[in-house]
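The values are calculated or read from the model by the stated rules, or taken from the named source; none is laboratory data. Being a predicted model, the structure only gives us computed values, none of them experimental. Positions of Cβ are backbone-derived with ideal geometry, glycine not excepted, and every protein chain shown enters the neighbour counts.
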Amino acid sequence: MGFLFAVITGVPLGLLIGYSRLFERVFSPVIEMARPICPIAWLPVAIILFGLASFGSSIWGNASYRYDVFDQMKYAMVFIIWWGAFFPIVINTVDGVRGVKKLFIDAAKVLGLDEKGIFFRVIFPASLPSVMTGLRVGMGIAWMVIVAAEFFPGTTSGLGYMITTSHQVAEYEYAFASILAIGVTGLAINKLMMLLSVRVGKWEALER
């Protein structure tokens, strides 16, 4: 959920910053200042802002325990996962927009496209390979952050929770199994993102 919010907010903002000088002047300094802050450093602040509230408690109230997945989805956890994935997505999207060849834009103008058509039919498709790179990097960071976020107070499931609990009861085989599961799952996610990137950017190989 945190990664989904990062995509929804990061890609449009990156497109606007890359396309508009006004958006660049307004948002670039803020992004460059906030980007180096570690997502986990925000956990105490997120707890103060959101408390222990979850999507389940907001929707079903006291009956949220019946819907364990949503009950474990704490707002504070979603926030720090969003924070970790947001900045790579924005920066790579901006680079993708700025890297669009002027030749493509000039050709579109000659063929009669207006500014809106150039943006949606030339700039956005041409920047997609870079956007996908941002999604891959953002997903990798989100996966690392979610494991750390599962140390969140009140969490009763997840690989991060299993690592902590196995350490407390000195059953380290479960900790090592969890670490292995994290690595294998991360590898699978990255492979899927790579395949999607190749599919989206297959025109680049034809261009070369």
Per-region count, region 165-193, residues under 30 Å from Ile123 (Cα atoms), surrounded by 13 or more Cβ atoms within 10 Å (Cβ to Cβ) and not polar (S, T, N, Q): 2
Would you mind telling me which numbered condition in (1) surrounded by 15 or more Cβ atoms within 10 Å (Cβ to Cβ); (2) out of contact with any Leu (no Cβ under 7 Å at 6 or more places or on another chain); (3) at pLDDT 90 or above Val7 fails? (2)
Pairs with Cβ under 8 Å, 6+ apart, first in region 86-114 and within 14 Å of Met132 (Cβ to Cβ), second outside any helix (DSSP H, G or I) and not hydroxyl-bearing (Ser, Thr, Tyr): Ile91/Arg35
Enumerated helices (runs of 4 or more DSSP H) restricted to region 21-116, each holding at least 1 residues that are modelled with pLDDT of 85 or more and farther than 17 Å from Ala6 by Cβ: 21-34, 75-98, 102-110
Number of the exception - Lys202 against (1) under 30 Å from Val131 (Cβ atoms); (2) at pLDDT 85 or above: (2)
